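Since every read-out is calculated from the coordinates, none of them should be taken as a lab result. Predicted model, so just to flag it, every value in this text is computed and none were measured. Don't worry about glycine lacking a Cβ; one is built from the backbone with ideal geometry, like all the others, and counts go over all protein chains shown.
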Amino acid sequence: MEAFIKIILSCIFVAFLAIRWTSNFDAESLRGAKVLVTGSSKGIGEQMAYHYARFGAKIVITARSKDTLQKVVEKCLSLGAQEAFYIAADMSNESDLDRVVDFALKKLGGLDYLVLNHIGSTRVAMWDGDVEHAKWLMKINFFSYIQMAWKALPSLEKNKGSLVIVSSLAGKMPSPLTAPYVSTKSALNGFFGSLRHELAMKKSNVSISVCTLGLIDTETAMSKVKGKVNMPAYPATDAALNIIITGATRQPELFYPWFTYIWTLTKDWIPSFTDYVVQRSYNYNP
């Protein structure tokens, strides 16, 4: 009963915060903002690019596919972006990481927002002992983030900018069939949570927002989990807008959908129940 009361009170509190920070969002603050979004040829990143465009921002997008990026840039310009550029890059290549940030700094004249959203491909399956794949995924999903963040920090500091990290509920509450992916998101949460404290202690101008997302209905995600999970997916365009608002209002965290926050609490309050629900959310026959 005590755990149930805590959950109800937490729901009310989270709902209140959601209404409060959304009402403080000023769309005009993004007009002319200088933004770099990674992983932006499809999915959540593509939707973020379109939202930033509608707000009149100046945008640089990056992913591996040059042809797809070009189409996204053209649409961004048609939607109202003041400027839009693309640069094709491989996030597993360390030299490409610096090249992307340098390109954005040169084209935009600085950065107000660095939105790190890219991920490497991984299977939804029982871990088979492939350590090399886990290392490769960590390189893309974690080490590339901290390298690009460090490269962009001086410009973000100068412009009182924001660093936005797209993470996952899996990084807060581990789930089966995704062990390598879970490890990368847990690393993101830990590193950037620590860095946020350090920047605050140094009285930095830079805010850090870590965005915890549930299952989102991107084409890639849906193809990987088809027939393997029993849980609803939520719209990428709505997730993208919530991420943008979180960065613009300089909030330390986002939980989308909002009730994902409650799941992170149940993990500690009623762990056996949480384990039961998590394990039965996946289809697996030994």
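Checking the cross-link pairs LYS107/LYS228; LYS75/LYS228; LYS160/LYS267; LYS160/LYS185 against a 32 Å limit on the alpha carbon distance flags LYS107/LYS228; LYS75/LYS228; LYS160/LYS267 as lying beyond it. Within the listed set SER204, SER162, SER92, the residue fluctuating most in the Gaussian network model of the chain (springs between alpha-carbon atoms under 10 angstrom) is SER204. What the phi angles of segment 109-121 give under the Karplus curve with 6.51, -1.76 and 1.60, with θ = phi - 60°, is a coupling list of x, x, 9, 9, 9, 10, 10, 9, 9, 6, 9, x, 7 Hz, glycine and proline written as x.
Counting only alpha carbon atoms, the long axis of helix 94-108 and the longest principal axis of the chain meet at about 50°.
Within a straight-line Cα-Cα reach of under 15 Å, LYS58 can be paired with the following aspartates and glutamates, leaving aside sequence neighbours fewer than 8 residues apart in one chain: GLU28, GLU46, GLU74, GLU83, ASP112.
Once you reduce segment 140-185 and segment 190-208 to the center of their Cα atoms, the two points are 13 Å from each other.
Charge dipole (Cα centre; +1 on Lys/Arg Cβ, -1 on Asp/Glu Cβ; no other charges) of the chain amounts to roughly 320 debye.
Of all DSSP-defined beta bridges confined to the chain, some 5% are antiparallel rather than parallel. Among SER40, SER209, SER186, the largest mean-square fluctuation in a Gaussian network model of the chain (Cα springs under 10 Å) belongs to SER186. Peptides 122-131, 234-243, 163-172, 44-53 ranked from most to least packed by the mean count of surrounding Cβ atoms within 10 Å: 44-53, 163-172, 234-243, 122-131.
Against the chain, whose longest principal axis comes from its Cα atoms, helix 260-269 is set at around 40 degrees.
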